[in-house]
Amino acid sequence: MRGAAAALTALALGHTLWGGIGEPLTALAFGTLIAVGELARRDHRDAAGHLPAEDRQPAPLGSAGALAYALLGQNAGHSTHHGVLQTVAVVVAAALVGIVPHVARGRGPALDHLARRVLTVAFAAVCFQPLYNSGRLEHSVGQGPYLVLFLLFLLGLTALCDAVLAAATAGARTGWPYGPLLRDELRAQLGVGAAICATGVVMALGVAVAGLWALPVFSVPLLLTQMSFHRIAAIRTTYRQTITSLARATEIAGYTPPGHSRRVAALSCAVGRDLGLSERELTVLEYAALMHDIGQLSLVDPVPAGATAELPAAEARRIAELGGEVARQTGVPAEVAVIVERQADPYREQPVAARIVRAVNAYDDLAGGGRHPGGSLAALERLRLGTGRDYEPEVVESLARVLARGGRGRVVPAPPG
């Protein structure tokens, strides 16, 4: 994908430099809009460098401006003829100008994101520009509501193309199943992605009627939406850090080994990904895995090395129930408390997330810190021997696959200090 985007960019820039820029004022206006959108970019990345679901479109204004330029047929009633290659060249040049300050601060966008931008914009331009410039589109749908419906349909295809590319790159990078990744990307498109597509259509139609003055007018709503999404992302980041800090209480008090809750949370999320859990289910799983040992704070005598996996079933269940009560008092979602509370039940009676937390916690207890002489392989063998009652076989085998890939899912950052 990167190679295709690089080749297309080189072709577009070479063609535009050789033949000159058609309608330079229009190209400058849209290029400025895209550059400003990139300057307003704010990536809320986790410790692994990945974008969370709520912030997969860190530069929505730039994306909307790029799509609007790709779908631009008229400027104040006059036909435009910038074509596909100039569209790609202007979008790439403007995006590069806009990301220079971010690169200087070490916060530049990932190459996969830039490659997706190039390919999706090229896809939209290829679907629209030749049809419009040849007159076949106007002959078929005219300039009325049918043109709006066609543009919306085309942007739907473009969003689908972007989701397919995003899922493919994420799958290649992480080894996670493609189906759940595509599903999560499509769900993400329903949020700010829908706003981007709608704004792109409105910009293209507004410029067709009112000229370039329409660009700043129609940019304001999307800028406000972008600010709202950034605030939501910041709140969720703070909430996750609060839960992580609370989970560290067992480590600080000496009930569990350092880093145990973060290891369990990261590995649980990787197993959840492998099993096809959605983004929301993964978030709930992450919170529950972070807090799975919180019930040990109610104990008078700590469990040796915090290893609840080797406790008698009744004692492990009592600690889990205490943890569920503590979790409810902290104000986390009720489903998180349920997972914490039921992690010691027989797996056939547990929700999927509780099965994952139980198996991963037992693995870390058995393999972590050299407490088991055989290491990770012996710990997995112990889990497989317990699949008759304690651990779900599918979860154990998923854990084995994740460990074989060396994956750890989303990395849970340690709180400041």
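The values are calculated or read from the model by the stated rules, or taken from the named source; none is laboratory data. Only a predicted model underlies this, so the values are computations on that prediction, with no experimental measurement involved. Cβ: placed from backbone, ideal geometry, glycine included. Neighbour counts: every protein chain shown. Note: areas computed on protein heavy atoms with side chains; ligands, DNA, RNA excluded. Shrake-Rupley method; radii C 1.70, N 1.55, O 1.52, S 1.80 Å.
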inquiry  = Suppose we keep just the alpha-carbon trace of the stretch 161-281; what are its Rg and Dmax in angstrom?
reply    = 20.4, 69
note = Expected field for E341, accessible surface area in Å² at 1.4 Å probe radius, rounded to 10, holds 50 Å²
task = Taking only Cα atoms and a 10 Å spring cutoff, compute GNM fluctuations for the chain and point out the largest among G276, G193, G22.
result = G22
query = Of the accessible area of the chain, with the probe set at 1.4 angstrom, what percent is carbon plus sulfur?
reply = 64 percent
request  = Over the chain, give the accessible area per residue in Å² for a 1.4 Å probe, as an integer.
outcome  = 44 Å²
query = What per residue convex hull volume, in Å³, comes out for the chain when only alpha-carbon positions are used?
reply = 150 Å³
ask   = What helices does the chain hold that run 20 Å or longer along their axis, going by alpha-carbon atoms, with a Kyte-Doolittle average of 0.5 or more, using DSSP H for the helix calls?
value = 2-19, 24-39, 83-104, 111-133, 145-174, 194-210, 214-247, 352-367
message = Can you compute the modelled spin-label distance between V209 and Y146, with each label point 7 Å from Cα toward Cβ, in nm?
response = 1.9 nm
inquiry  = Could you work out the relative contact order of the chain? I mean the mean sequence separation of Cα pairs under 8 Å and 6+ apart, divided by the number of residues, in percent.
reply    = 16 percent
